[in-house]
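Here is the structure we will look at, set down as structure tokens.
Since every read-out is calculated from the coordinates, none of them should be taken as a lab result. Note that the coordinates shown come from a computational prediction; the quantities given were computed from them, not determined experimentally. Here the Cβ positions follow ideal geometry from the backbone for every residue, glycine too, while neighbour counts run over all protein chains shown.
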Amino acid sequence: MFAAEVQAVRNQDFGISLFSHEDFQTGTFSLFCEFPNGAEILYRGWMLTGAEYGKLADEISKAGGRMAVDTEAYLGNHHLPLWYPLLSDLTPETRILSLDCDLELELSQLHWPEYFVKDYVKPLKTSVGARITKPEESALLIAEMKKFRGMIEGGYCVRRVESFLPETEKRYFVLDGVPHSADSEVPEIVLECARRLPGRFYSVDVVRRSDGVERVVEVGDGQVSDLVGWDEDEFALVLAGQFLD
Ligand SMILES: Nc1ncnc2c1ncn2[C@@H]1O[C@H](COP(=O)(O)OP(=O)(O)OP(=O)(O)O)[C@@H](O)[C@H]1O
Ligand SMILES: [Mg+2]
């Protein structure tokens, strides 16, 4: 899945090392192709939990490198409750609830017409989906989230449903405070995110609402964001502009 991206960053003169994600998740870190001592490492791969990311950072440091994005910064973009307070006026209103809460009770107290439920990183995208209108539907939703996602990361994020026009959603990347677009136009809302969010490398997904207002759907850590709508070579150029002399 990453082959085209690997080729694109190689063409920009990045060095590449690989590790087995499956081995890593079962406790062994096997690194293919060592890197020069002191190398700054940018990860590109599947989402990692905070604990996994911390472990990866330790392994990279043992191997002589250092992560371009530390664990705190990774989670700052990856976990909704950490970026939401900085963008609350630009994105659907959200309540953060603990894993041991009574979700049905919490939802019934909100009295919203519809609820979009995710954990700190992802909604349920199969089965019954993430949107429910009745609080009593939450038990099945939680069971299905556990079944299909394997775990619920962090806690629940209950978001107000807004009338998004899904075909207008676009992904932007911000690197060291500079926003980049796949088609060279960066809307004001992304410039505003870049002013407010401190992280080194993150993605911002923006969608138009049926009333024409642009909204942030979510923020993600740039290292684990898919290149939705991006050409690998364009993405590699953005990285090279920041990381290579
Ligand atoms: N509050 C909301 N109201 C209406 N629609 C929403 C809301 N939040 C998310 N969506 C829709 O659901 C989709 C998936 O949600 P989200 O981006 O939070 O999850 P995701 O798993 O990261 O999805 P993807 O990987 O496709 O980006 C969004 O692209 C958007 O169209
Ligand atoms: Mg998304």
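Quick look at the numbers
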quantity	calculated
Alpha-carbon centroids, region 206-229 and region 36-113: separation in whole Å	16
Radius of gyration, Dmax [region 64-103; alpha carbons; angstrom]	14.0, 46
Proximal charge balance of Arg200 [Cβ under 10 Å; K/R count +1, D/E count -1]	-3
Debye intensity ratio in log₁₀ form over the Cα atoms of the chain, taken at each q of 0.09, 0.10, 0.14 Å⁻¹	-0.43, -0.53, -1.01
Electrostatic dipole magnitude of region 1-122 [Cβ: Lys, Arg +1; Asp, Glu -1; Cα centre; debye, to 20]	400
Residue among Met67, Met151, Met47 with the largest mean-square fluctuation in a Gaussian network model of the chain, springs linking Cα atoms under 10 Å	Met151
Sorted largest first, extent of region 3-74 alpha carbons per principal axis (Å)	32, 24, 22
Tail beyond 24 Å, pair distance distribution of region 106-236 (Cα, percent)	39
Where the Cα pairs of region 47-191 fall when distances are cut into 5 Å bins, in %	2, 8, 15, 18, 17, 16, 12, 8, 3, 1, 0
Listed residue (Val158, Ala68, Leu42) projecting farthest to the positive dipole end of the chain, Cβ model	Val158
Highest-fluctuation residue, Val213, Val190, Val117 considered, GNM on the chain with Cα pairs under 10 Å	Val213
Highest-fluctuation residue, Phe19, Phe116, Phe164 considered, GNM on the chain with Cα pairs under 10 Å	Phe19
Top positive-direction residue, dipole computed over the chain with Cβ charges, set Ile16, Ser184, Gly220	Gly220
Linear extension gain, Ser98 paired with Ala39, 0.36 nm per residue minus alpha-carbon span	17.4 nm
The chain - share of DSSP beta bridges that are antiparallel (%, nearest 5)	95
Contact order relative to length of region 94-160, as percent, for alpha carbon pairs under 8 angstrom and 6 or more apart	50
Cα-derived Rg to Rh of region 185-245, Kirkwood definition	0.99
Only Lys, Arg (+1) and Asp, Glu (-1) charged, at Cβ; the chain dipole about Cα centre in debye	400
13 Å Cα cut-off, lysine pairs counted over region 112-182 (separation 8 or more, or different chains)	4
Nitroxide proxy distance, nm - points 7 Å out along Cα→Cβ at Lys125 and Phe29	2.8
Residue-span extension gain [Ile152 to Ser17] - 0.36 nm each, minus C-alpha spacing	45.6 nm
Restricting region 132-195 to GluC sites (Glu not before Pro) in coil, as DSSP defines it, with at most 14 other Cβ within 10 Å	Glu185
Dipole magnitude (debye, nearest 20) for region 94-160, charges at Cβ of Lys, Arg, Asp, Glu	380
For region 94-160, the fraction of alpha-carbon pairs in successive 5 Å shells from zero, as %	4, 20, 35, 28, 11, 2
